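The structure under discussion appears below in the form of structure tokens.
The values are calculated or read from the model by the stated rules, or taken from the named source; none is laboratory data. In this text, all values refer to a predicted model and were calculated from it rather than measured experimentally. Every residue, glycine as well, gets a Cβ built from its backbone with ideal geometry; the counts of neighbours run over all protein chains shown.
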């Protein structure tokens with residue numbers, strides 16, 4: 001009951017946030033010169049003023065901005081994100097097609113970064129000032145400082161071109177038409193490099209946060225209490241320190257969920273991953289404003305949802321947080 | 001009856017290079033008798049907590065270690081037992097409770113689970129039997145509704161309840177020795193009295209030997225059978241409680257005891273007729289209840305009236321959460337109030353904006369509780385003191401010159417001027433804090449628990465300094481404290497606060513002699529060792545424990 005009320009409350013609060021993002025995006029995008037009509041007309045090679053005007057009329061681009069916005073908003077309330085003239089297809093369909101690959105990539109990268117990062121941080125903290133700690137700190141510093149796109153390109157050169165272990169790009173092997181476990185294996189092989197390229201930065205951040213957090217928790221009184229009870233060091237780590245130390249990492253992860261979407265645009269483009277990222281990149285290049293707005297709207301909703309999930313996770317982890 | 005549970009022989013604990021001394025404690029000899037409470041008393045840094053940790057093998061590894069001596073516990077030398085052997089002893093045969101029960105409990109586990117942990121470690125009892133045992137333990141420390149409390153998290157309990165839960169945990173397996181490291185220091189005085197009672201009762205019931213670490217002679221008087229006094233790592237005196245408190249031999253013990261303010265009424269002074277410098281009328285302040293959807297508001301000040309006359313010290317006493325610090329901050333207008341009037345020499349400042357308040361600021365200055373947190377660590381002492389006058393238009397050269405004079409006034413060497421706060425002790429820092437407050441030549445000094453963080457000997461010096469300065473500069477002082485001994489010593493009048501309201505106000509001697517409100521009487525009754533200074537002069541057989 002309390003959970004339901006809390007969720008209702010949070011979703012109510014999310015509405016103005018998403019609406020604000022939509023309004024901001026709409027007007028920001030229209031500040032930029034040029035529109036879909038000029039790009040389409042330019043590409044067709046027959047950019048007569050009459051043709052341009054015809055296109056604009058067809059797309060409703062001749063209407064005042066305010067009217068265009070109202071039309072957009074009304075469509076949106078009917079879950080209609082508009083039409084991508086460039087792709088000749090409804091925006092909603094385009095995005096839904098790409099949601100799964102992007103979701104897969106982001107969840108894999110996010111999960112890997114979270115699990116590996118906290119594990120490395122835990123090892124570094126429990127073996128403080130040992131060679132393990134130094135190696136982990138050095139590696140995370142390098143990972144932190146390496147741009148994802150560069151790492152992606154280097155991995156393609158080494159693992160795909162020279163060693164031939166992994167495919168260079170794409171979501172699955174074109175024309176292979178695999179099914180069942182073969183298909184899973186095929187997609188997984190394509191997923192490895194983009195997921196690593198996307199996750200490494202976050203992995204480094206979580207490892208560092210986790211290390212500091214564990215070191216802080218180890219000095220707390222309740223750890224001494226557990227020792228004074230006669231508890232073993234391993235159980236003190238797993239039973240007491242771990243969960244307390246995870247709290248700052250979870251907070252951090254929630255804040256960064258939005259960045260992850262931005263990061264996926266770069267990585268998807270490098271690896272030709274057919275996700276929202278490449279879709280956004282192409283939409284931007286061809287001034288497909290409706291598609292761009294749709295993508296922004298969906299990613300805003302995703303960020304809001306992820307933040308809500310993180311907050312729920314946090315309340316589950318920490319009883320001091322009340323719904 | 002006189003068997004020894006723990007025999008500490010020539011214990012020395014080595015500190016890492018760079019510490020203020022080579023050893024935390026040196027050649028400590030102490031025997032803890034079965035069924036007796038031994039108090040180890042000393043000021044901060046005396047090494048008393050190190051002794052406790054050494055017994056349990058919990059010294060901060062690897063830098064601090066036992067450098068010599070033996071810890072004979074039931075014939076076994078604890079210093080020679082390996083980690084595995086120590087784990088079997090910890091919690092089962094030697095247990096410990098700590099100063100701050102909030103941080104000593106894992107915030108993410110329920111009370112029941114934390115109690116269960118100790119049973120799981122040391123016994124093979126089944127789940128149902130353990131659960132019954134947990135409920136019985138919570139009941140034995142007089143916690144209401146054990147079944148509900150077992151499911152509660154530490155933050156849902158009051159400070160006293162948390163400490164009771166800690167005690168239940170420590171006594172779960174009926175240990176032979178209980179180490180209590182300042183277990184009541186973080187608690188309110190009435191709660192402290194209850195916890196001391198509880199420890200005493202349970203200790204008698206189980207025949208447990210208790211090593212009770214404290215800095216408070218009042219607590220010693222209430223609970224100890226024997227006392228050991230630790231000074232900078234050396235045991236300077238030990239003996240029965242009556243001997244040590246009544247006839248202290250070592251000069252250090254004598255100076256410590258002399259520094260404890262007496263729980264006795266001050267001489268009756270004629271009521272002041274000097275003009276009012278602060279007049280608060282019906283001050284209101286609530287916390288919380290902000291944000292889009294509101295929340296539960298806590299009324300921190302409810303229709304509070306307060307009057308302070310020129311040259312007078314008004315004590316504001318009460319337990320934590322009573323609103324006394326809020327009152328101090330309201331009077332200094334360090335925070336906005338929700339209603340009422342605050343007249344500074346006739347001017348109402350309650351509704352002034354930040355900018356309008358600025359010219360009034362220098363008239364009221366504050367001395368804070370924590371001398372560590374209240375001084376900017378990156379500023380030199382001279383700049384800390386001169387900052388206020390410079391803000392109010394004094395030229396830097398003049399302000400710095402005056403700051404040097406103030407350093408002399410608060411008893412610090414002029415060479416202190418160029419140094420940073422971390423180079424000073426707690427007492428010295430509080431002197432700097434007082435100099436900083438005086439730099440603006442205020443009429444009113446608001447002191448919020450100015451001596452609570454200090455050792456008793458340093459506390460006496462700071463109180464003397466405040467009294468001296470107040471008389472010399474004709475200051476009025478609002479003195480917030482939870483310590484009734486201190487309040488009796490320094491205040492002309494006392495206001496007793498409870499749950500945001502002033503329940504009683506009057507001349508100090510009157511409040512002490514005939515408290516009108518039952519809460520005031522309860523507060524005085526709860527002061528530990530209420531009459532030991534007087535009682536200590538009577539023969540032993542006439543004394544009984546409270």
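Within the range A:83-97, the set of residues being buried (at least 22 other Cβ atoms within 10 Å of the Cβ) and under 19 Å from residue A:306 (Cα atoms) is empty.
Residue B:40 - would you say it is within 13 Å of another protein chain (Cβ to nearest Cβ), modelled with pLDDT of 90 or more and under 28 Å from the mean Cα position of the chain (by Cα)? No; evaluated as a whole, the condition is false for this residue. Checking each residue of the range A:280-292 against the condition of being crowded, with 20+ Cβ neighbours inside 10 Å and either under 14 Å from the mean Cα position of the chain (by Cα) or free of Cβ contacts under 8 Å to residues at least 12 places away in the same chain (or both) gives at least one match. Among the residues of the range B:65-105, those that are under 12 Å from residue A:225 (Cα atoms), in a helix (DSSP H, G or I) and more than 7 Å from chain A (Cβ to nearest Cβ) comprise B:101, B:102. Taken together, B:351, B:370 contain a single residue that is surrounded by fewer than 18 Cβ atoms within 10 Å (Cβ to Cβ) and at pLDDT 85 or above, which is B:351. Restricting B:109, B:63 to those that are modelled with pLDDT under 85 and under 29 Å from the mean Cα position of the chain (by Cα) reduces the list to B:63. Is at least one residue of the range B:445-463 under 18 Å from residue B:389 (Cβ atoms), in the same structural domain as residue B:330 (by TED's automatic domain parsing) and crowded, with 20+ Cβ neighbours inside 10 Å? The answer is yes; a qualifying residue exists. Residues in the range B:388-401 that are crowded, with 16+ Cβ neighbours inside 10 Å and either outside the structural domain of residue B:447 (by TED's automatic domain parsing) or in contact (Cβ under 8 Å) with a residue 12 or more places away in the chain (or both): B:388, B:389, B:399, B:400. Any residue at all in the range A:122-130 that's surrounded by fewer than 20 Cβ atoms within 10 Å (Cβ to Cβ) and on the phi > 0 side of the Ramachandran plot? Scanning the range A:122-130, I find at least one residue that is surrounded by fewer than 20 Cβ atoms within 10 Å (Cβ to Cβ) and on the phi > 0 side of the Ramachandran plot, so the answer is yes.
Here is a yes/no grid of residues against (1) within 20 Å of the chain's Cα centre (by Cα); (2) within 30 Å of residue B:89 (Cα to Cα); (3) within 14 Å of chain B (Cβ to nearest Cβ); (4) without any contact (Cβ under 8 Å) to a residue 60 or more places away in the chain:
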residue	(1), (2), (3), (4)
A:215	no, yes, yes, no
A:218	no, yes, yes, no
A:225	no, yes, yes, yes
A:239	no, yes, yes, yes
A:245	no, yes, yes, no
A:262	yes, no, no, yes
A:266	yes, no, no, no
A:271	yes, no, no, no
A:277	yes, no, no, no
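Residues of the range B:106-122 that are assigned to a helix (DSSP H, G or I) and within 9 Å of another protein chain (Cβ to nearest Cβ): B:114, B:117, B:118, B:121, B:122. Annotation for the range A:190-212: at least one member residue is surrounded by fewer than 17 Cβ atoms within 10 Å (Cβ to Cβ) and within 22 Å of the chain's Cα centre (by Cα).
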